[in-house]
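J.: One structure, as structure tokens, below. Some questions next.
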Amino acid sequence: MIEYVDMLLPYITTILLISSIYAIFSLGLNLEWGFTGLINFGHVAFLAIGAYTTVMFNMSGFSLFVSVIAGIVLSGFFGLLLGIPTLRLREDYLAIVTIGFSEVLRFILLNEQWLTRGPFGIHGFDRPLQDVIPYQYYNTFLLILYLMILVIVYFALERLIRSPWGRVLKSIREDEEVSSALGKNVFWYRLQSLMIGSAIAGLAGAMLAFYISYIDPNTFKPIETFHAWIIIILGGTASNKGTIVGALVFCTFLSVTQFTSRFLPFTAHQMGAFRMIVIGLLLIILMMHKPEGIFGKKEELALSD
Amino acid sequence: MKMDILSVKDLEKHFGGVKAVDGCSISIEAGTVMGLIGPNGAGKTTMFNLISGFERGIGEIVFKGIRTDNLSPFKIARCGMVRTFQIPRALTKMTVSENLMLAPKTQLGERIWDVWLRPKRVREQEMQIREKSRDILEFFEISHLEDEYAGALSGGQKKLLEMARAMMIDPSMMLLDEPFAGVNPTLARKISRYICELHEDGMTFLVIEHDIPAITKISDRIVVMNEGKVMAEGEPAEIKRRRDVLEVYIGGEG
């Protein structure tokens, strides 16, 4: 019995750690899509920028705190760069540009070896308080730290979206012409939303790097963007609480199904595909019965008119 | 003579080969109600879109002494000109109260840093805005709908909501696109009463309308458009006597 508990605790810690990283990553996308109606199909790019910037700053001798701030700021800055040419246009243009950007960035990370060590990835960077915390408690420490960050990000976002600022975002999501007829600078608000969403993804990137203590370009495949989309739709679009619960449900599912491979006649590769099929089916069933997601409000369903 | 709040000179707008607005000039005196009538396709709504900045054309538009023909819609709105849409565009997934509270300009809480760092000031201002929205809802007699989602409102109530929302930005001029269309007679009478009351308080209106009796009752002056041009302008009584105007409306082709 005690043996099981010994095994179970680290396992739960791992799930919660991954969930908290995914939760923060998805909260960024939820601000963009859920509250502003921006379709970002390249959200993972900002995760990558956050992770790489943090790690490379730290490797060049900056303190971890400065490195993380640099990662957040640079992610936000790239959000600004992508937003300026696209956000004046219809929303589909942002979708196209972001999906392209995330793949271009991944190939740059793969090929510019002088800068990123390419496919070999980067390891050996500092982790928060690694010299102070004993190794066997490190993940527990990281979990407490990450839950605290999650709480801060959650409340900062909640305050924003319940403010007049959030009201303007919602009005843009619904009908940008009405917003501008009422004197709101639609372009600027969209830009702010994209910048903050990207900066939050950058923070998640730094957290991911510290957790896995090794990053390479293939950590940042486009599928990660769609994991965030699944999490948001699952939890309820335009609900921050839902996004966090969605992340927990999604990560638990991914990790629990790893055990089922013992009972199923699949190779590891087939198992991965099988899991995505099951997730797809679950989403379809959820959309049929509760299209607003677990915590979404039916009256505010972003997808319908 | 009173000052013109809005003057439009030689305005033109082409869609491909179609001249939607073809050299129109109108001016509106501050504090008056101007009716804009004409058959479908005469260019009235395009005129509205040009004046409110949603379309770009050729020509000069001066509002309160400011050239607005090259400004974006949100800047024109901030100058104090607000418009409604032909089909009412309530923000259906927000409550009536949120719809109204969105509108006021220069809200402290619209800036991220103030939201995070000065929550008390933001809250105080929110209270003031809420008070104001309640007064305006009361004026339009829709106070009971305050907490409803705007999507649950009837077409007529949405029209009232749009006007109430527009009032929240303290405009000096309102452009109303067919305020009486698809509205039952009782509500239509109410809407015209609201317009008259606001007019008495000094508001300037430019109103597109097909309901000739209703528009002649509330307007100080009327402009008739046809095929992109201004074909007549004058006081309601004058316009009603003009044969060519009647012909345009009751089938002039025959």
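J.: Given C-alpha coordinates of chain B, what is the ratio Rg to Rh with the Kirkwood estimate of Rh?
T.: Values: Rg = 19.1 Å, Rh = 19.2 Å.
Over the Cα atoms of chain B, Rg/Rh equals 0.99.
J.: Sort A:His269, B:His210, B:His199 so that the residue with the fewest other Cβ atoms within 10 Å of its own Cβ comes first and the one with the most comes last.
T.: Working: A:His269 8, B:His210 15, B:His199 18.
With the fewest neighbours first, A:His269, B:His210, B:His199 line up as A:His269, B:His210, B:His199.
J.: Right, here's the next one. Which of the lysines could be linked to B:Lys44 by a straight reach, that is with a Cα gap under 18 Å, when you skip same-chain ones fewer than 8 residues away?
T.: B:Lys9, B:Lys13, B:Lys19, B:Lys229
J.: Using DSSP to define loop residues, name the chymotrypsin sites (Phe, Trp or Tyr not before Pro) in segment B:47-118 whose beta-carbon has at most 13 other beta-carbon atoms within 10 Å. Intermediate results must be reported in sequence, preceding the final value.
T.: Numbers: sites: B:Phe48, B:Phe54, B:Phe63, B:Phe74, B:Phe85, B:Trp113, B:Trp116; in loops: B:Phe54, B:Phe85.
When the chymotrypsin sites (Phe, Trp or Tyr not before Pro) of segment B:47-118 are filtered for loop state and at most 13 Cβ neighbours within 10 Å, nothing remains.
J.: Moving on to the next point. Between segment A:83-142 and segment B:1-32, how far is it from one alpha carbon centroid to the other, in angstrom?
T.: 54 Å
J.: Can you give me the relative contact order of segment B:32-155 as a percent, contacts being Cα pairs under 8 Å and 6 or more apart? The partial results should precede the final answer.
T.: Details: 90 pairs, mean separation 28.2, N = 124.
Worked out over segment B:32-155, it gives 23 percent.
J.: Turning to a different aspect of this structure: Run a plain Debye calculation on segment B:91-152 (Cα atoms as equal point scatterers, no solvent) and give log10 I(q)/I(0) at q = 0.15, 0.25, 0.29 Å⁻¹, rounded to two decimals, same order as the q list.
T.: -0.49, -1.01, -1.15
J.: May I ask you to give the average projected area over all directions of the convex hull of the Cα atoms of segment B:136-220, in nm² rounded to one decimal? Display every interim value, and only then the final one.
T.: Values: hull surface 21.9 nm².
Mean orientational projected area (segment B:136-220, Cα hull): 5.5 nm².
J.: Which order do the peptides A:218-230, A:199-211 take when ranked by the mean count of other beta-carbon atoms within 10 Å per residue, highest first? Show your work: numbers first, answer last.
T.: Values: A:218-230: 19.1, A:199-211: 28.0.
Descending mean neighbour count gives A:199-211, A:218-230.
J.: Hey, can you rank A:166-179, B:14-27, A:14-27, A:121-134 by average C-beta count inside 10 Å, highest first?
T.: On the way: A:166-179: 22.4, B:14-27: 15.2, A:14-27: 24.6, A:121-134: 13.6.
The packing order, highest mean first, is A:14-27, A:166-179, B:14-27, A:121-134.
J.: Under 24 Å between alpha carbons: how many lysine pairs meet that in chain A, if sequence neighbours fewer than 8 apart on the same chain are excluded?
T.: The result is 9.
J.: More than 21 angstrom separation, counting every C-alpha pair in segment A:2-221; what % is that? Walk me through the numbers on the way to the answer.
T.: Details: 13574 of 24090 pairs.
Distances greater than 21 Å cover 56 percent of the Cα pairs.
J.: Is there a simple number for the mean count of other chain Cβ atoms within 10 Å of the Cβ of residues in B:74-82, and what is it? Walk me through the intermediate numbers first.
T.: On the way: counts 10, 3, 3, 6, 4, 1, 1, 2, 3.
Mean shielding by partner chains, rounded to a whole number: 4.
J.: Using Cβ contacts closer than 10 Å as the measure, can you line up B:Thr68, B:Thr92, A:Thr36 from fewest to most?
T.: On the way: B:Thr68 22, B:Thr92 17, A:Thr36 29.
In increasing order of surrounding Cβ atoms, one gets B:Thr92, B:Thr68, A:Thr36.
J.: Using only the Cα atoms of the protein assembly as shown, what semi-axes does the equivalent ellipsoid have when each is the square root of 5 times a gyration tensor eigenvalue? Give whole Å, largest first. Walk me through the numbers before you get to the answer.
T.: Numbers: eigenvalues 619, 110, 96 Å².
So the equivalent ellipsoid measures 56, 23, 22 Å along its semi-axes.
J.: Give me, ordered by chain and number, the residues 5 or more places off B:Ser52 or on other chains with an amide H under 5 Å from its own placed amide H.
T.: Under 5 Å from the amide H of B:Ser52 lies no amide H from a residue far enough along the sequence or on another chain.
J.: Follow-up question, since we're still on this one. Residue-wise, which Karplus ³J(HN,Hα) couplings in Hz belong to segment B:33-45, taking 6.51 cos²θ - 1.76 cosθ + 1.60, θ = phi - 60°, and x for glycine or proline?
T.: 10, 10, x, 10, 10, x, x, 4, x, 6, x, 5, 5
J.: Further, regarding this structure: I need the trypsin sites (Lys or Arg not before Pro) found in segment A:79-158, filtered to DSSP loop residues with at most 14 other beta carbons within 10 Å of theirs.
T.: Working: sites: A:Arg88, A:Arg90, A:Arg106, A:Arg117; in loops: A:Arg88, A:Arg90, A:Arg117.
Passing sites in segment A:79-158 are A:Arg88, A:Arg90.
J.: Averaged across B:108-115, how many Cβ atoms of other chains sit within 10 Å of each residue's Cβ atom?
T.: Values: counts 3, 9, 9, 4, 8, 0, 3, 9.
The per-residue average across the peptide is 6.
J.: Turning to a different aspect of this structure: In whole Hz, with x marking every Gly and Pro, tabulate ³J(HN,Hα) for segment B:161-178 from phi via Karplus 6.51 cos²θ - 1.76 cosθ + 1.60, θ = phi - 60°.
T.: So the J values, rounded to whole Hz, are 4, 4, 5, 4, 4, 4, 5, 5, 8, 6, x, 9, 8, 10, 9, 10, 9, 6.
J.: In terms of Cα to Cα distance under 20 Å, which aspartates and glutamates are near enough to B:Lys217, apart from those fewer than 8 places away along the same chain?
T.: Hits, sequence-local ones excluded: B:Glu29, B:Asp177, B:Glu178, B:Glu197, B:Glu200, B:Asp201, B:Glu209, B:Glu233, B:Glu235, B:Glu238.
J.: Given labels modelled 7 Å from the Cα in the Cβ direction, how far is it in nm from A:Tyr11 to B:Trp116?
T.: According to this spin-label approximation, the distance is 4.0 nm.
J.: Taking the Cα centre of segment B:20-130 as origin, sum charge times position over the Cβ atoms of Lys and Arg (+1) and Asp and Glu (-1), and report the length of that vector in debye to the nearest 20. Can you show the working numbers first?
T.: Values: 16 positive and 10 negative charges, 103 e Å.
Computed charge dipole of segment B:20-130: roughly 500 debye.
J.: Okay, helix-only estimate at 222 nm for chain B: each DSSP H run of n ≥ 4 adds -39500 (n - 2.57), divide by all residues, round to 500 deg cm²/dmol; what do you get?
T.: On the way: 10 runs with 97 residues, N = 254.
Computed ellipticity for chain B at 222 nm equals -11000 deg cm²/dmol.
J.: Which of the helices in chain A, when you take each full DSSP H run, stretch at least 27 Å along the axis at their Cα atoms and have an average Kyte-Doolittle score of 1.0 or higher? Numbers along the way, then the final one.
T.: Working: long enough: A:2-29 (40 Å, 1.56); A:64-86 (33 Å, 2.17); A:91-111 (31 Å, 1.09); A:138-161 (34 Å, 1.92); A:186-212 (39 Å, 1.37); A:240-260 (30 Å, 1.05); A:268-289 (32 Å, 1.65).
Membrane-span-like by this criterion, though nothing is claimed about a membrane: A:2-29, A:64-86, A:91-111, A:138-161, A:186-212, A:240-260, A:268-289.
J.: Between segment A:21-41 and segment A:189-223, how many Å separate their Cα centres?
T.: 11 Å
J.: Go through A:66-79, A:45-58, B:131-144 and give me the packing order, highest mean Cβ count within 10 Å leading. Intermediate results must be reported in sequence, preceding the final value.
T.: Working: A:66-79: 22.4, A:45-58: 27.9, B:131-144: 15.6.
Ranking, from highest mean packing down: A:45-58, A:66-79, B:131-144.
Just so you know, all these numbers are worked out from the coordinates, no wet-lab data involved. If you're wondering where the values come from, they're calculated on a predicted model, not measured in any experiment. Positions of Cβ are backbone-derived with ideal geometry, glycine not excepted, and every protein chain shown enters the neighbour counts.
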